[in-house]
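The values are calculated or read from the model by the stated rules, or taken from the named source; none is laboratory data. Everything numeric here is computed off the predicted structure, so don't read it as measured data. Using ideal geometry, Cβ is built from the backbone for each residue, glycine included, and neighbour counts are taken over all protein chains shown. What goes into the accessible areas is simple: the full protein's heavy atoms, side chains included, and nothing from ligands, DNA or RNA. Shrake-Rupley method; radii C 1.70, N 1.55, O 1.52, S 1.80 Å.
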Amino acid sequence: MSPVHRLGAGTKLAALCVCSLALLAVRSPVGAGAAVVGVLGLYALARLGPRAVWSQVRPLRWFVPCVVAVQWATLGPLAACVLTTRLVALVALAGLVTATTPTSLLLAALERALGPLRRVGLDAERAALVLALAVRSVPVLTALAGTVRDAQRARGREHDVRAFAVPLVVGALRQADALGEALRARGLDD
Amino acid sequence: MTEVVLDDVHVRHGEREVLHGVSLRLTERRVAVIGANGSGKSTLARLLNGLIVPTSGRVLVDGLDTRRRGREVRRRVGFVFTDPDAQIIMPTVAEDVAYSLRRSGLSRAAVAARVAAELDRHGLADHADHPAHLLSGGQKQLLALTSVLVTAPRLVVADEPTTLLDLRNTRAVADRLAALDQHVVLVTHDLDLVSGFDRVLVVDGGRVVVDDVPAAAVPAYRRLMA
């Protein structure tokens, strides 16, 4: 257990919020560089290697080139690099929090944090449930995507985007229906 | 004893009538429902805990009308679905079981103790803090069953709980269901599972066409499908 792992879930979430806001203020290449060094330092402190960093930012690998291209055209190369670096550093930082904290503790911390908003009519339990369902849905949808892809391959339609997207969306909606039914059966609205 | 009464129940989905006037009184501890795909079995099962309310007619569980007293009915009737992935709500095993007890009024420590005991009873104690998606299909269904049983319902309705499972896991789930003190209504395509049941309903075309002991109902169903 590294010091980063041991830190409370609430503390980590609060720190993530503060760092995100601070990153928004970064406008210079030096600042962006410092942010990257800082984030890498935290990964080192958590005893996580380059592979862990890559697995957190990997989902951005198609997104980043698009963002860079748009910003390069509209804001120029320097601003494009600074903005994109900020984005990647932020995702890596958020990834560090999730990689070092059990989901149940994160959700409990969120429910506590949302507690005071009960007075303005927010149902903290419901909000935490939505987040739990989102976390729970990731592996379920990943498995669904795998099934759809296999079915596509079996029929020799690997590169047909529509043959992938349509069954995936239909499957996700069916899954959502079934989940809604299960929530009702387990007394969510009672 | 738990008593379920269906009184001339019709269920319509849009233009299509799924059940055409079903009247039943179920008091046996083990009732099985068999029938072809699309015959209305799942609709029949969902009537029993008020997930579906009749278009006309009524369903009473221990005298409680599912249309008006849905909450009390669902507290008495636990429901196990075919696909445990749709039933498991929380990311980890123990959290999912604990979710069922969230309004039990028990303290956090009491909930944790009850969850631990129930997981232990179903052989899932070693997986308590594992993400639910890492369980095997059979373990997921056992988790779904555990999350239902932890609330101590009087009646457990299971809608094809073994359809997605292999033989070993089918046995494991069937054994758990067989061992329950509660009343069980089991919807299934696995005719081997119903041999020990008290009563078997064969549903066909939205009607209960056979209502008998397994030794008579299962052969009747085979003839019907031939």
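Dipole orientation for the protein assembly as shown: of the candidates A:Phe63, A:Val161, A:Val82, A:Val82 has the Cα lying most toward the positive pole (charges on Cβ; Lys, Arg +1; Asp, Glu -1). Under a 5 Å amide H cut-off, with hydrogens placed 1.01 Å from N, B:Glu3 pairs with B:Asp62 among residues at least 5 apart or on other chains.
Here the stretch A:42-59 is scanned for amide nitrogen atoms under 15 Å from the site 7 Å beyond the Cα of A:Ala94 along Cα-to-Cβ, giving A:56-59. With the charge dipole of the stretch B:4-225 set up from +1 on Lys and Arg Cβ and -1 on Asp and Glu Cβ about the Cα centre, the Cα lying farthest toward the positive end among the listed residues B:Ala128, B:Gly35, B:Thr66 is that of B:Thr66.
Of B:Ser107, B:Ser42, which has the most accessible area and how do the rest follow, probe 1.4 Å? Don't skip to the answer; put the middle values down first.
Numbers: B:Ser107 65, B:Ser42 40 Å².
The most accessible residue leads, giving B:Ser107, B:Ser42.
Find the Rg to Rh ratio for the stretch A:102-190, where Rh is the Kirkwood radius over alpha-carbon pairs and Rg uses the same atoms. It would help to have the intermediate numbers written out before the result.
Working: Rg = 17.6 Å, Rh = 15.4 Å.
Ratio value, two decimals: 1.14.
Taking all protein chains together and a 1.4 Å probe, the residues A:Phe63, A:Phe164, B:Phe81 rank A:Phe63, A:Phe164, B:Phe81 from largest to smallest accessible area. Ordering of B:153-160, B:129-136, B:43-50 by packing is B:43-50, B:153-160, B:129-136, highest average first (other Cβ atoms within 10 Å, averaged per residue).
Coupling constants for the stretch A:154-160 follow from the phi torsions by the Karplus curve (6.51 cos²θ - 1.76 cosθ + 1.60, θ = phi - 60°), and in residue order they are 4, 9, x, 10, 3, 9, 8 Hz; glycine and proline get x. How big is D, in µm² s⁻¹, for the stretch B:4-225 by Stokes-Einstein at 10 °C and 1.306 mPa s if Rh is the Kirkwood radius over C-alpha pairs? Estimated diffusion coefficient is 88 µm²/s. Counts of other chain beta carbons within 10 angstrom of each beta carbon in peptide A:131-138 average 4.
Compactness ratio of the stretch A:1-101: Cα Rg over 2.2 N^0.38 Å, N = residue count? Walk me through the numbers before you get to the answer.
Numbers: Rg = 14.0 Å, N = 101, 2.2 N^0.38 = 12.7 Å.
Output field value: 1.11.
With a simple spin-label model that places each label point 7 Å from the Cα along the Cα-to-Cβ direction, the separation between B:Asp166 and B:Arg58 comes to 4.9 nm. Mean residue ellipticity, 222 nm, helices only, chain A: the sum of -39500 (n - 2.57) across DSSP H runs of n ≥ 4, divided by residue count and rounded to 500, is -26500 deg cm²/dmol. Averaging the Cα positions of each part gives two centres, and for the stretch B:164-226 and the stretch B:108-139 these lie 28 Å apart. Remark: accessible area buried at the B-A interface is about 2200 Å², both chains counted, probe radius 1.4 Å.
Counting only other chains, what is the mean number of Cβ atoms within 10 angstrom of the Cβ of each residue in peptide B:89-99? Provide the component values of the computation, followed by the final result.
Details: counts 9, 8, 14, 6, 0, 1, 7, 3, 0, 1, 6.
Counting other chains' Cβ atoms within 10 Å and averaging over B:89-99 gives 5.
Taking only protein heavy atoms and a 1.4 Å probe, the accessible area of the protein assembly as shown is 59% carbon and sulfur.
Given in Å, the Rg to one decimal and the Dmax to the nearest whole number for the Cα atoms of chain A are 20.3, 56. Panel note: the C-alpha atoms of the protein assembly as shown, placed on their principal axes, show extents of 82, 54, 42 Å (largest first).
The mean number of partner chain beta-carbon atoms within 10 angstrom of a residue's beta-carbon across peptide B:75-88 is 4. Across the stretch B:1-112, the convex hull enclosing all Cα atoms gives 141 Å³ per residue.
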